[in-house]
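A short worksheet on the structure shown next.
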Amino acid sequence: MATLLIVDDQQLNIQTLVAGLSSTNFTIYSTTRATQTLMMAEELQPDLILLDVMMPELNGFEVCKRLKTSPTTADIPVIFVTALYEQVDKLRGLEVGGEDYITKPYAVDEVAARIRVHLALREKRLEVEKLRRQDLAYFERLNQIRDEILDQMKHDLKSPLSSIKISLHLITRLCGSADPSVIRHISRADAAVNEISHVIETLVEIAKLETGRSTQFRYVEILPLVQQAVQLFETSAEAKNITLKLHQENLKLKQTVYVDPDQIASVLRNLIGNAIKYTEAGGHVTVTSQFESNVLQLEVTDTGHGIAQENLGRIFQRMYRIPSEQDIVEGTGLGLYIVKSIVDSHGGEIRVASEVGRGSTFTVLFPQPEPAGV
Ligand code: ADP
(Lines give C-alpha, C1' and ligand atoms only; values in the text may rest on other atoms or scores of the structure.)
Protein backbone atom coordinates (compact mmCIF):
# COMPACT_ATOMS: atom_id res chain seq x y z
CA MET A 1 0.00 0.00 0.00
CA ALA A 2 1.43 3.40 -1.02
CA THR A 3 2.04 6.14 1.54
CA LEU A 4 1.42 9.82 0.79
CA LEU A 5 2.50 12.93 2.64
CA ILE A 6 0.36 16.05 2.09
CA VAL A 7 1.90 19.39 3.00
CA ASP A 8 -0.45 22.42 2.99
CA ASP A 9 -0.65 25.33 5.39
CA GLN A 10 -4.51 25.21 5.16
CA GLN A 11 -5.99 22.35 7.20
CA LEU A 12 -9.16 22.62 5.10
CA ASN A 13 -7.26 21.87 1.89
CA ILE A 14 -5.73 18.80 3.50
CA GLN A 15 -9.15 17.58 4.65
CA THR A 16 -10.61 18.06 1.16
CA LEU A 17 -7.82 16.02 -0.41
CA VAL A 18 -7.97 13.28 2.22
CA ALA A 19 -11.74 13.04 1.76
CA GLY A 20 -11.38 12.94 -2.01
CA LEU A 21 -8.78 10.17 -1.83
CA SER A 22 -10.68 8.15 0.78
CA SER A 23 -11.79 5.58 -1.80
CA THR A 24 -8.15 4.81 -2.66
CA ASN A 25 -6.04 2.57 -0.47
CA PHE A 26 -3.28 5.15 0.13
CA THR A 27 -2.03 5.67 3.67
CA ILE A 28 -2.04 9.43 4.11
CA TYR A 29 0.03 11.59 6.46
CA SER A 30 -0.19 15.37 6.52
CA THR A 31 1.24 18.52 8.01
CA THR A 32 0.42 22.22 7.87
CA ARG A 33 4.03 23.10 8.75
CA ALA A 34 6.27 23.40 5.72
CA THR A 35 9.32 23.39 7.97
CA GLN A 36 8.46 19.89 9.20
CA THR A 37 8.34 18.35 5.73
CA LEU A 38 11.95 17.21 5.52
CA MET A 39 11.92 15.64 8.97
CA MET A 40 8.60 13.84 8.32
CA ALA A 41 9.73 12.66 4.88
CA GLU A 42 12.97 11.29 6.32
CA GLU A 43 11.09 9.48 9.06
CA LEU A 44 8.05 8.22 7.13
CA GLN A 45 9.71 7.63 3.76
CA PRO A 46 6.44 8.29 1.87
CA ASP A 47 6.10 7.06 -1.71
CA LEU A 48 4.98 10.51 -2.88
CA ILE A 49 4.58 14.05 -1.51
CA LEU A 50 1.79 16.49 -2.43
CA LEU A 51 3.27 19.91 -1.72
CA ASP A 52 1.48 23.25 -1.58
CA VAL A 53 3.55 26.02 -3.18
CA MET A 54 2.36 29.17 -1.39
CA MET A 55 3.02 28.66 2.29
CA PRO A 56 3.93 31.41 4.77
CA GLU A 57 6.88 29.80 6.60
CA LEU A 58 8.67 28.37 3.62
CA ASN A 59 7.47 28.11 0.06
CA GLY A 60 7.00 24.74 -1.63
CA PHE A 61 9.89 25.23 -4.06
CA GLU A 62 12.33 25.74 -1.21
CA VAL A 63 10.93 22.68 0.60
CA CYS A 64 11.30 20.62 -2.61
CA LYS A 65 14.89 21.80 -3.06
CA ARG A 66 15.74 20.59 0.45
CA LEU A 67 14.03 17.25 -0.16
CA LYS A 68 15.93 16.72 -3.41
CA THR A 69 19.31 17.51 -1.85
CA SER A 70 18.91 15.08 1.02
CA PRO A 71 20.03 11.59 -0.09
CA THR A 72 17.31 9.88 1.97
CA THR A 73 14.45 11.84 0.36
CA ALA A 74 15.82 12.78 -3.08
CA ASP A 75 14.01 9.88 -4.80
CA ILE A 76 10.53 10.68 -3.45
CA PRO A 77 8.38 12.20 -6.23
CA VAL A 78 6.91 15.62 -5.45
CA ILE A 79 3.66 16.93 -6.97
CA PHE A 80 3.10 20.66 -6.44
CA VAL A 81 -0.37 21.89 -5.62
CA THR A 82 -1.24 25.47 -6.57
CA ALA A 83 -4.43 27.50 -6.80
CA LEU A 84 -5.42 28.74 -10.25
CA TYR A 85 -5.24 32.38 -9.15
CA GLU A 86 -1.72 32.00 -7.68
CA GLN A 87 0.97 33.33 -9.96
CA VAL A 88 3.46 30.48 -9.79
CA ASP A 89 6.60 30.02 -11.85
CA LYS A 90 6.02 26.43 -12.94
CA LEU A 91 9.44 26.18 -14.57
CA ARG A 92 11.09 26.90 -11.25
CA GLY A 93 9.16 24.01 -9.71
CA LEU A 94 10.52 21.60 -12.31
CA GLU A 95 14.01 23.05 -11.94
CA VAL A 96 14.08 22.24 -8.22
CA GLY A 97 13.12 18.64 -9.00
CA GLY A 98 9.30 18.56 -8.75
CA GLU A 99 7.63 15.93 -10.94
CA ASP A 100 4.22 17.47 -11.65
CA TYR A 101 1.64 20.22 -10.90
CA ILE A 102 -1.97 19.99 -9.80
CA THR A 103 -4.03 23.15 -9.97
CA LYS A 104 -6.91 23.88 -7.59
CA PRO A 105 -9.81 23.44 -8.06
CA TYR A 106 -9.12 19.90 -9.16
CA ALA A 107 -11.09 16.76 -9.89
CA VAL A 108 -10.10 14.23 -7.25
CA ASP A 109 -10.14 11.37 -9.77
CA GLU A 110 -7.54 13.20 -11.80
CA VAL A 111 -5.40 13.75 -8.70
CA ALA A 112 -5.62 10.04 -7.83
CA ALA A 113 -4.76 9.10 -11.42
CA ARG A 114 -1.71 11.36 -11.47
CA ILE A 115 -0.54 10.03 -8.13
CA ARG A 116 -0.80 6.47 -9.48
CA VAL A 117 1.18 7.39 -12.61
CA HIS A 118 3.99 8.87 -10.55
CA LEU A 119 4.00 5.96 -8.14
CA ALA A 120 4.25 3.54 -11.06
CA LEU A 121 7.08 5.59 -12.57
CA ARG A 122 8.90 5.61 -9.27
CA GLU A 123 8.56 1.87 -8.94
CA LYS A 124 10.01 1.37 -12.42
CA ARG A 125 12.84 3.79 -11.64
CA LEU A 126 13.70 1.88 -8.45
CA GLU A 127 13.57 -1.40 -10.37
CA VAL A 128 15.95 -0.07 -13.04
CA GLU A 129 18.27 1.27 -10.35
CA LYS A 130 18.26 -2.12 -8.62
CA LEU A 131 19.04 -3.90 -11.89
CA ARG A 132 21.82 -1.43 -12.61
CA ARG A 133 23.35 -2.08 -9.19
CA GLN A 134 23.05 -5.83 -9.75
CA ASP A 135 24.71 -5.47 -13.16
CA LEU A 136 27.56 -3.43 -11.68
CA ALA A 137 28.09 -5.98 -8.92
CA TYR A 138 27.92 -8.75 -11.53
CA PHE A 139 30.51 -7.10 -13.80
CA GLU A 140 32.71 -6.33 -10.83
CA ARG A 141 32.58 -10.00 -9.86
CA LEU A 142 33.30 -11.07 -13.47
CA ASN A 143 36.35 -8.80 -13.57
CA GLN A 144 37.49 -10.22 -10.28
CA ILE A 145 37.09 -13.79 -11.57
CA ARG A 146 38.97 -12.84 -14.74
CA ASP A 147 41.85 -11.40 -12.65
CA GLU A 148 41.92 -14.49 -10.47
CA ILE A 149 42.01 -16.82 -13.49
CA LEU A 150 44.76 -14.75 -15.12
CA ASP A 151 46.85 -14.67 -11.94
CA GLN A 152 46.39 -18.40 -11.56
CA MET A 153 47.25 -18.98 -15.22
CA LYS A 154 50.32 -16.76 -14.89
CA HIS A 155 51.45 -18.72 -11.86
CA ASP A 156 50.69 -22.15 -13.36
CA LEU A 157 52.45 -21.38 -16.64
CA LYS A 158 55.40 -19.52 -15.20
CA SER A 159 56.62 -22.29 -12.90
CA PRO A 160 56.97 -24.93 -15.65
CA LEU A 161 58.53 -22.28 -17.89
CA SER A 162 61.18 -21.48 -15.28
CA SER A 163 61.85 -25.23 -14.93
CA ILE A 164 62.37 -25.44 -18.71
CA LYS A 165 64.71 -22.45 -18.55
CA ILE A 166 66.77 -23.97 -15.74
CA SER A 167 66.93 -27.30 -17.60
CA LEU A 168 68.05 -25.58 -20.81
CA HIS A 169 70.74 -23.78 -18.84
CA LEU A 170 71.92 -27.10 -17.32
CA ILE A 171 71.89 -28.85 -20.71
CA THR A 172 74.04 -26.04 -22.15
CA ARG A 173 76.52 -26.53 -19.34
CA LEU A 174 76.50 -30.34 -19.68
CA CYS A 175 76.95 -30.17 -23.43
CA GLY A 176 80.07 -28.08 -22.94
CA SER A 177 81.74 -27.82 -26.31
CA ALA A 178 79.15 -29.93 -28.09
CA ASP A 179 78.06 -29.47 -31.67
CA PRO A 180 77.33 -25.75 -32.23
CA SER A 181 74.02 -26.67 -33.84
CA VAL A 182 72.89 -28.25 -30.50
CA ILE A 183 73.76 -25.03 -28.69
CA ARG A 184 71.89 -23.06 -31.38
CA HIS A 185 68.77 -25.18 -30.83
CA ILE A 186 69.01 -24.75 -27.09
CA SER A 187 69.30 -20.98 -27.38
CA ARG A 188 66.34 -20.93 -29.79
CA ALA A 189 64.29 -22.89 -27.25
CA ASP A 190 65.41 -20.46 -24.55
CA ALA A 191 64.30 -17.48 -26.68
CA ALA A 192 60.92 -19.16 -27.26
CA VAL A 193 60.47 -19.63 -23.51
CA ASN A 194 61.26 -15.92 -22.99
CA GLU A 195 58.72 -15.01 -25.65
CA ILE A 196 55.99 -17.12 -24.00
CA SER A 197 56.76 -15.52 -20.61
CA HIS A 198 56.54 -12.10 -22.23
CA VAL A 199 53.18 -12.91 -23.86
CA ILE A 200 51.78 -14.14 -20.53
CA GLU A 201 52.95 -10.95 -18.76
CA THR A 202 51.46 -8.85 -21.56
CA LEU A 203 48.05 -10.55 -21.43
CA VAL A 204 47.81 -10.17 -17.67
CA GLU A 205 48.89 -6.54 -17.91
CA ILE A 206 46.31 -5.77 -20.60
CA ALA A 207 43.50 -7.46 -18.68
CA LYS A 208 44.30 -5.33 -15.64
CA LEU A 209 44.68 -2.12 -17.66
CA GLU A 210 41.36 -2.65 -19.45
CA THR A 211 39.42 -2.97 -16.24
CA GLY A 212 40.94 0.42 -15.32
CA ARG A 213 41.74 -0.68 -11.81
CA SER A 214 45.44 -1.17 -11.92
CA THR A 215 46.90 2.36 -11.80
CA GLN A 216 48.43 3.10 -8.41
CA PHE A 217 50.01 6.52 -8.21
CA ARG A 218 52.73 7.39 -5.73
CA TYR A 219 55.81 9.58 -5.48
CA VAL A 220 58.94 7.78 -6.69
CA GLU A 221 62.47 8.71 -7.68
CA ILE A 222 62.54 8.62 -11.47
CA LEU A 223 66.25 8.12 -12.06
CA PRO A 224 66.59 4.59 -10.58
CA LEU A 225 63.41 3.61 -12.46
CA VAL A 226 64.86 4.62 -15.84
CA GLN A 227 68.28 3.17 -15.01
CA GLN A 228 66.77 -0.20 -14.09
CA ALA A 229 64.73 -0.31 -17.31
CA VAL A 230 67.83 0.42 -19.40
CA GLN A 231 69.91 -2.14 -17.49
CA LEU A 232 67.34 -4.81 -18.30
CA PHE A 233 68.22 -4.51 -22.00
CA GLU A 234 72.01 -4.18 -21.75
CA THR A 235 72.60 -7.87 -22.49
CA SER A 236 70.19 -8.12 -25.42
CA ALA A 237 71.54 -4.87 -26.92
CA GLU A 238 75.10 -6.14 -26.61
CA ALA A 239 74.15 -9.51 -28.10
CA LYS A 240 72.76 -7.66 -31.11
CA ASN A 241 75.72 -5.29 -31.27
CA ILE A 242 73.54 -2.25 -30.60
CA THR A 243 74.79 0.59 -28.41
CA LEU A 244 72.32 1.46 -25.68
CA LYS A 245 72.79 4.79 -23.92
CA LEU A 246 71.01 6.71 -21.20
CA HIS A 247 70.88 10.53 -21.10
CA GLN A 248 69.51 12.52 -18.23
CA GLU A 249 68.61 16.13 -18.78
CA ASN A 250 67.34 18.58 -16.19
CA LEU A 251 66.92 15.75 -13.73
CA LYS A 252 67.91 16.36 -10.15
CA LEU A 253 69.60 13.40 -8.50
CA LYS A 254 66.64 12.59 -6.30
CA GLN A 255 63.92 13.99 -8.58
CA THR A 256 60.59 12.48 -7.58
CA VAL A 257 57.57 12.12 -9.84
CA TYR A 258 53.94 11.20 -9.17
CA VAL A 259 53.25 8.11 -11.31
CA ASP A 260 52.51 4.42 -11.13
CA PRO A 261 56.12 3.13 -11.08
CA ASP A 262 55.23 -0.37 -12.35
CA GLN A 263 53.39 1.14 -15.31
CA ILE A 264 56.21 3.58 -16.12
CA ALA A 265 58.63 0.64 -16.03
CA SER A 266 56.31 -1.15 -18.46
CA VAL A 267 56.27 1.88 -20.82
CA LEU A 268 60.07 1.95 -20.82
CA ARG A 269 60.34 -1.83 -21.24
CA ASN A 270 58.04 -1.78 -24.25
CA LEU A 271 59.66 1.24 -25.94
CA ILE A 272 63.26 0.16 -25.34
CA GLY A 273 62.40 -3.45 -26.23
CA ASN A 274 60.88 -2.32 -29.53
CA ALA A 275 63.80 0.00 -30.29
CA ILE A 276 66.22 -2.91 -29.96
CA LYS A 277 63.89 -5.34 -31.75
CA TYR A 278 63.43 -3.09 -34.79
CA THR A 279 67.07 -1.96 -35.06
CA GLU A 280 69.74 -3.88 -36.96
CA ALA A 281 73.20 -4.74 -35.65
CA GLY A 282 75.51 -1.75 -35.41
CA GLY A 283 72.62 0.61 -34.63
CA HIS A 284 72.08 2.93 -31.67
CA VAL A 285 69.32 3.25 -29.08
CA THR A 286 69.22 6.25 -26.76
CA VAL A 287 66.95 6.73 -23.79
CA THR A 288 66.54 10.30 -22.55
CA SER A 289 64.73 11.34 -19.41
CA GLN A 290 64.09 14.94 -18.50
CA PHE A 291 61.92 17.01 -16.23
CA GLU A 292 60.90 20.47 -17.32
CA SER A 293 57.96 22.82 -16.66
CA ASN A 294 56.36 20.19 -14.43
CA VAL A 295 56.36 17.56 -17.14
CA LEU A 296 58.29 14.30 -17.01
CA GLN A 297 59.49 13.45 -20.51
CA LEU A 298 60.86 10.04 -21.48
CA GLU A 299 62.21 9.54 -24.97
CA VAL A 300 63.50 6.46 -26.78
CA THR A 301 65.32 7.02 -30.06
CA ASP A 302 66.64 4.34 -32.37
CA THR A 303 68.42 4.15 -35.70
CA GLY A 304 66.29 1.21 -36.79
CA HIS A 305 63.78 0.29 -39.49
CA GLY A 306 61.57 3.35 -39.00
CA ILE A 307 57.82 3.43 -39.61
CA ALA A 308 56.08 4.66 -42.76
CA GLN A 309 53.84 7.73 -42.27
CA GLU A 310 50.72 5.81 -43.28
CA ASN A 311 51.25 3.34 -40.43
CA LEU A 312 51.95 5.87 -37.68
CA GLY A 313 48.26 6.31 -36.91
CA ARG A 314 47.68 2.59 -36.42
CA ILE A 315 50.63 1.31 -34.40
CA PHE A 316 48.89 2.05 -31.05
CA GLN A 317 45.86 -0.03 -31.96
CA ARG A 318 45.30 -3.30 -30.14
CA MET A 319 47.17 -6.14 -31.92
CA TYR A 320 48.22 -4.02 -34.90
CA ARG A 321 51.50 -5.09 -36.44
CA ILE A 322 53.02 -3.56 -39.55
CA PRO A 323 52.57 -6.26 -42.22
CA SER A 324 56.11 -5.94 -43.61
CA GLU A 325 57.57 -6.61 -40.13
CA GLN A 326 55.33 -9.53 -39.22
CA ASP A 327 57.42 -12.30 -40.75
CA ILE A 328 60.75 -10.79 -39.77
CA VAL A 329 60.31 -9.84 -36.11
CA GLU A 330 58.40 -11.72 -33.37
CA GLY A 331 55.68 -9.74 -31.65
CA THR A 332 52.11 -9.52 -30.45
CA GLY A 333 51.08 -6.01 -31.54
CA LEU A 334 50.17 -5.27 -27.93
CA GLY A 335 53.23 -3.39 -26.66
CA LEU A 336 52.37 0.07 -27.97
CA TYR A 337 48.70 -0.45 -27.07
CA ILE A 338 49.83 -1.01 -23.46
CA VAL A 339 52.06 2.08 -23.64
CA LYS A 340 49.17 4.22 -24.93
CA SER A 341 46.76 2.90 -22.27
CA ILE A 342 49.25 3.70 -19.52
CA VAL A 343 49.96 7.17 -20.91
CA ASP A 344 46.19 7.81 -21.03
CA SER A 345 45.67 6.61 -17.46
CA HIS A 346 48.33 9.16 -16.42
CA GLY A 347 46.66 11.97 -18.39
CA GLY A 348 49.80 12.12 -20.52
CA GLU A 349 50.69 12.29 -24.18
CA ILE A 350 52.64 10.15 -26.63
CA ARG A 351 54.41 11.38 -29.76
CA VAL A 352 56.23 9.52 -32.46
CA ALA A 353 58.51 10.78 -35.18
CA SER A 354 59.87 8.28 -37.65
CA GLU A 355 61.47 7.87 -41.01
CA VAL A 356 61.72 4.60 -42.88
CA GLY A 357 65.30 3.34 -42.96
CA ARG A 358 66.54 6.02 -40.55
CA GLY A 359 64.84 5.28 -37.23
CA SER A 360 62.18 6.39 -34.78
CA THR A 361 61.73 8.53 -31.69
CA PHE A 362 58.95 7.76 -29.23
CA THR A 363 58.32 10.49 -26.66
CA VAL A 364 56.00 10.11 -23.68
CA LEU A 365 54.99 13.09 -21.55
CA PHE A 366 53.63 12.79 -18.03
CA PRO A 367 52.32 16.05 -16.54
CA GLN A 368 53.09 16.38 -12.85
CA PRO A 369 51.15 18.01 -10.02
CA GLU A 370 52.27 21.53 -9.05
CA PRO A 371 54.87 21.34 -6.27
CA ALA A 372 53.32 22.21 -2.88
CA GLY A 373 53.50 25.87 -1.96
CA VAL A 374 53.81 27.18 -5.53
P1 ADP B 1 54.96 -5.70 -31.50
O2 ADP B 1 56.31 -5.06 -31.40
O3 ADP B 1 54.76 -6.78 -30.51
O4 ADP B 1 54.59 -6.09 -32.87
P5 ADP B 1 53.91 -3.12 -30.70
O6 ADP B 1 52.54 -2.75 -30.32
O7 ADP B 1 54.98 -2.88 -29.69
O8 ADP B 1 53.86 -4.62 -31.10
O9 ADP B 1 54.27 -2.32 -32.00
C10 ADP B 1 53.34 -2.27 -33.07
C11 ADP B 1 54.09 -2.18 -34.39
O12 ADP B 1 54.75 -0.91 -34.47
C13 ADP B 1 55.20 -3.21 -34.51
O14 ADP B 1 54.69 -4.38 -35.10
C15 ADP B 1 56.21 -2.51 -35.40
O16 ADP B 1 55.93 -2.74 -36.75
C17 ADP B 1 56.00 -1.03 -35.11
N18 ADP B 1 57.07 -0.50 -34.22
C19 ADP B 1 56.97 -0.31 -32.90
N20 ADP B 1 58.11 0.23 -32.40
C21 ADP B 1 58.93 0.39 -33.45
C22 ADP B 1 60.26 0.93 -33.60
N23 ADP B 1 60.96 1.41 -32.58
N24 ADP B 1 60.77 0.93 -34.86
C25 ADP B 1 60.07 0.47 -35.90
N26 ADP B 1 58.82 -0.04 -35.83
C27 ADP B 1 58.26 -0.08 -34.62
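Tabulated data
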item: Nearest-20 debye value, the chain charge dipole, Cβ charges on Lys, Arg, Asp, Glu; result: 740
item: Exposure ranking of ARG188, ARG173 by accessible area [1.4 Å probe, largest first]; result: ARG173, ARG188
item: Over the chain: helical MRE at 222 nm, DSSP H runs n ≥ 4 each giving -39500 (n - 2.57), nearest 500; result: -16500 deg cm²/dmol
item: Globularity index of the range 260-322, i.e. its alpha-carbon radius of gyration over 2.2 N^0.38 Å; result: 1.25
item: Ranked order, SER293, SER162, SER214 - accessible area, probe 1.4 Å, largest first; result: SER293, SER162, SER214
item: Three-way shape label, the range 226-361, alpha-carbon gyration tensor, a/c 1.5; result: oblate
item: Alpha-carbon spread of the chain, three principal axes, descending order, Å; result: 107, 47, 40
item: Ranked by how many other beta carbons lie within 10 Å on average, peptides 10-16, 44-50, 329-335, 308-314 from highest; result: 44-50, 329-335, 10-16, 308-314
item: Overall dimensions of the range 139-184 as given by Cα atoms, namely Rg and Dmax in Å; result: 18.3, 57
item: Gain in span if fully extended, LEU161 to GLU42, counting 0.36 nm per residue against the direct Cα distance; result: 36.7 nm
item: Pairwise FRET efficiency - ILE171 versus GLU238, Cβ, R0 = 25 Å, nearest 0.05; result: 0.60
item: Percent RCO, i.e. relative contact order, over the chain, from Cα pairs under 8 Å lying at least 6 residues apart; result: 10
item: Over the range 39-109, equivalent-ellipsoid semi-axes from the Cα gyration tensor in Å; result: 20, 14, 11
item: Unit charges at the beta carbon, dipole of the chain: most positive-side option, THR32, THR361, PHE80; result: THR361
item: Segment ASP75-ARG146, extension gain: residue separation times 0.36 nm, minus the distance between their alpha carbons; result: 22.0 nm
item: LYS240 - accessible surface, heavy atoms, 1.4 Å probe, Å² rounded to 10; result: 60
item: Cα centroid of the range 167-186 to Cα centroid of the range 210-232, whole Å; result: 36
item: Gain on full stretching of the segment that runs from VAL356 to SER197 - 0.36 nm per residue minus C-alpha separation; result: 54.2 nm
item: Rounded to the nearest 10 Å², the accessible area of MET54 at probe 1.4 Å; result: 90
item: Accessible-area value, GLU110, 1.4 Å probe, nucleic acids and ligands omitted, Å²; result: 90
item: Distance in nm between pseudo-label sites at GLU86 and ARG132 (7 Å out along the Cβ direction from Cα); result: 3.2
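The values are calculated or read from the model by the stated rules, or taken from the named source; none is laboratory data. For clarity, every value in this text was computed on a predicted model and none was experimentally measured. Because the Cβ atoms are built from the backbone with ideal geometry, glycine has one as well, and the counts that use them run over all protein chains shown. Heavy atoms of the whole protein, side chains included, go into the accessibility calculation; ligands, DNA and RNA do not. Shrake-Rupley method; radii C 1.70, N 1.55, O 1.52, S 1.80 Å.
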